[in-house]
1. Which pairs do you get when a residue that is modelled with pLDDT under 85, found in the stretch 70-89, comes within reach of a residue that is outside any loop (DSSP other than H, G, I, E, B) and charged (D, E, K, R), reach meaning Cβ atoms under 6 angstrom, with the pair 6+ apart or on two chains?
2. Quickly run through the stretch 18-45 and pick out the residues that are in a strand (DSSP E or B) and either modelled with pLDDT under 80 or surrounded by fewer than 19 Cβ atoms within 10 Å (Cβ to Cβ) (or both).
3. Out of all the residues in the stretch 151-198, which are modelled with pLDDT of 80 or more and assigned to a helix (DSSP H, G or I)?
4. Report whether or not VAL107 is β-branched (Val, Ile, Thr), more than 14 Å from the chain's Cα centre (by Cα) and at pLDDT below 85.
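The values are calculated or read from the model by the stated rules, or taken from the named source; none is laboratory data. None of these values were measured; they are calculated from a predicted model. Note that we place each Cβ from the backbone using ideal geometry, even for glycine, and neighbour counts take in every protein chain shown.
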Amino acid sequence: MMMRLSMPFQWAAVVAVLAGCSSTPNREVRFHEETGLTWASMDEAIVLARSTPQYTVAARDYIYIGPVETNRLGELEHHLWLGIASTVDRELRGESAPESDTLVLLVDGTPVALPLTTWEAAFESAPYETPVPVAGVQAARVSLDQIQRIARADSVEVQVLSASGSTVRYELWHGNWPSWSNFPAQRVEQVLDARVSD
């Protein structure tokens, strides 16, 4: 006989199962009860960097990037979350942070242009922690196929275009793209269905 669980208890069970399930490595799942929005991410973002020697030898701009799956009442969406950070205090110098309008990924040499928007999610915390505090947060809508294609690629290069047309190139600093092949390791609704059926 199937046991019916209240919605808050169901989602609490999902989080508990995912936290202890060895078949879901590098997977973080969160649920926002007020909006019914669930999101899943990897446990670490890939870190990209570019040097800014015009300030100091060690100064760098960073981009933290990671896939996010959102589920709102069964409607799935996939995004690349971007946290923009820097070791340069541009406000102190009377400068503004670099603009980011489009993310361009060269996946095995093929350009994939992804328009960037402001990250808007019903959570107080970000899907990824960053060692350097982020000054801005953006997102690019993608398909799960695109995430998997990036994970399988032999080479991935990252460029950011501004609204004015200038291009900034970032280099891989920490992490690896093939780690995204584990995303999503197991969908939230599959875990929930298995838990409720038990």
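1. Qualifying pairs under 6 Å: SER86/ASP61; THR87/ARG60.
2. Matches in the stretch 18-45: GLU28, VAL29, ARG30, PHE31, HIS32, LEU37.
3. ALA151, ARG152, TRP177, PRO178, SER179, TRP180, SER181, ASN182
4. Numbers: β-branched (Val, Ile, Thr): yes; more than 14 Å from the chain's Cα centre (by Cα): yes; at pLDDT below 85: no.
For VAL107, the condition - β-branched (Val, Ile, Thr), more than 14 Å from the chain's Cα centre (by Cα) and at pLDDT below 85 - is not met.
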